[in-house]
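Asks: Once you've had a glance at the structure underneath, I'll fire off some questions.
The values are calculated or read from the model by the stated rules, or taken from the named source; none is laboratory data. All values reported here derive from a predicted model rather than from experimental measurement. Every residue, glycine as well, gets a Cβ built from its backbone with ideal geometry; the counts of neighbours run over all protein chains shown. Each accessible area value is taken on the protein alone, full model and side chains, heavy atoms only, with ligands, DNA and RNA left out. Shrake-Rupley method; radii C 1.70, N 1.55, O 1.52, S 1.80 Å.
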Amino acid sequence: MRHRVVSTLIVTGAVIGGFALALSRPQSGTKGEVTILAATPLGNGFTYQGRLLDGGVAPASAQYDLQFTLFDQSSGGIQIAGPITLDNVQVTGGLFTVQLDFGTSAFNGDNRFLAIGVRPGASTGSFTLLSSRQQITPTPYALYAKQAATAAAVTGGCP
């Protein structure tokens with residue numbers, strides 16, 4: 001049985017230096033400064049959505065065991081983290097969504113590629129490695145957060 005994944009990466013939540021920030025608007029009569037109210041540490045997990053085709057043609061619809069391993073290159077290279085094995089993931093109409101967490105040191109700004117293995121759910125056989133690794137790319141707010149993480153203070157007027 002041959003499978004193929006067409007995938008989309010969705011990272012939930014904007015991260016600013018590993019913390020979620022709450023901002024307050026200026027009170028009337030103040031000079032328009034924005035105050036950081038709280039900084040709450042966020043986890044390292046993210047949402048991965050993919051599309052699995054059975055035999056490379058028809059959308060899969062069953063339970064599958066999925067295995068995710070993080071590498072630094074699209075082929076070869078060094079294994080950075082994983083594997084993470086998720087058993088009995090429901091795939092419906094070819095679509096699935098999983099939560100992945102490779103820990104605190106997996107993402108440092110360098111390129112990362114996700115290798116995905118699949119096997120029928122509830123089986124103990126080996127995983128079939130899908131033909132190409134999926135590049136992990138940032139969302140627009142994550143790019144903004146990368147720049148904001150170096151800011152010492154947030155000041156300026158609010159619209």
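Asks: Taking interchain pairs and intrachain pairs at least six residues apart, which have beta carbon atoms under 7 angstrom, with the first residue in segment 31-55 and open to solvent by less than 70 Å² (accessible area, probe 1.4 Å) and the second modelled with pLDDT of 85 or more and among the small types (Gly, Ala, Ser)?
Replies: Asn44/Gly103; Leu52/Ala60; Leu52/Gly94; Leu53/Ala60; Leu53/Gly94; Asp54/Ala60
Asks: Taking the residues in segment 120-142 that are modelled with pLDDT under 85 and outside any loop (DSSP other than H, G, I, E, B) as candidates, determine which candidate is surrounded by the most Cβ atoms within 10 Å (Cβ to Cβ).
Replies: Ranking the qualifying residues of segment 120-142, first place goes to Ala142.
Asks: Going by the structure shown, is Gly109 modelled with pLDDT under 90 and in contact with a helix residue (DSSP H, G or I) (Cβ under 9 Å, 6 or more places away or on another chain)? Even if it seems obvious, please write down each step before you answer.
Replies: Values: modelled with pLDDT under 90: yes; in contact with a helix residue (DSSP H, G or I) (Cβ under 9 Å, 6 or more places away or on another chain): yes.
Spelling it out, Gly109 is indeed modelled with pLDDT under 90 and in contact with a helix residue (DSSP H, G or I) (Cβ under 9 Å, 6 or more places away or on another chain).
Asks: Among the candidates Thr97, Thr104, which residue alone is open to solvent by 40 Å² or more (accessible area, probe 1.4 Å), in contact (Cβ under 8 Å) with a residue 24 or more places away in the chain, in a strand (DSSP E or B) and of a type in the set (Ser, Thr, Tyr)? Write out each step before concluding.
Replies: Numbers: Thr104 fails: in a strand (DSSP E or B).
After applying the criteria, what remains is Thr97.
Asks: In segment 46-74, what count of residues is obtained for those that are part of a loop (DSSP other than H, G, I, E, B) and at pLDDT 85 or above? Break it down stepwise before answering.
Replies: In the first step, residues of segment 46-74 are kept if they are part of a loop (DSSP other than H, G, I, E, B); the result is 55-57, 60-61, 72-74.
If we keep only those that are at pLDDT 85 or above too, we end up with 57, 60-61, 72-74.
Adding up the residues that qualify gives 6.
Asks: Within segment 108-119, is there a residue that is touching an Asp or Glu at 6+ places or on another chain (Cβ under 6 Å) and open to solvent by 20 Å² or more (accessible area, probe 1.4 Å)?
Replies: Narrowing segment 108-119 to residues touching an Asp or Glu at 6+ places or on another chain (Cβ under 6 Å): 119.
Next cut, open to solvent by 20 Å² or more (accessible area, probe 1.4 Å) only: 119.
So far as segment 108-119 goes, yes, one or more of its residues are touching an Asp or Glu at 6+ places or on another chain (Cβ under 6 Å) and open to solvent by 20 Å² or more (accessible area, probe 1.4 Å).
Asks: Please work out which residue is farthest from Thr47 (Cα to Cα), limiting yourself to segment 62-72 and to residues that are surrounded by fewer than 19 Cβ atoms within 10 Å (Cβ to Cβ) and over 17 Å from the mean Cα position of the chain (by Cα).
Replies: Here the residue is Ala62.
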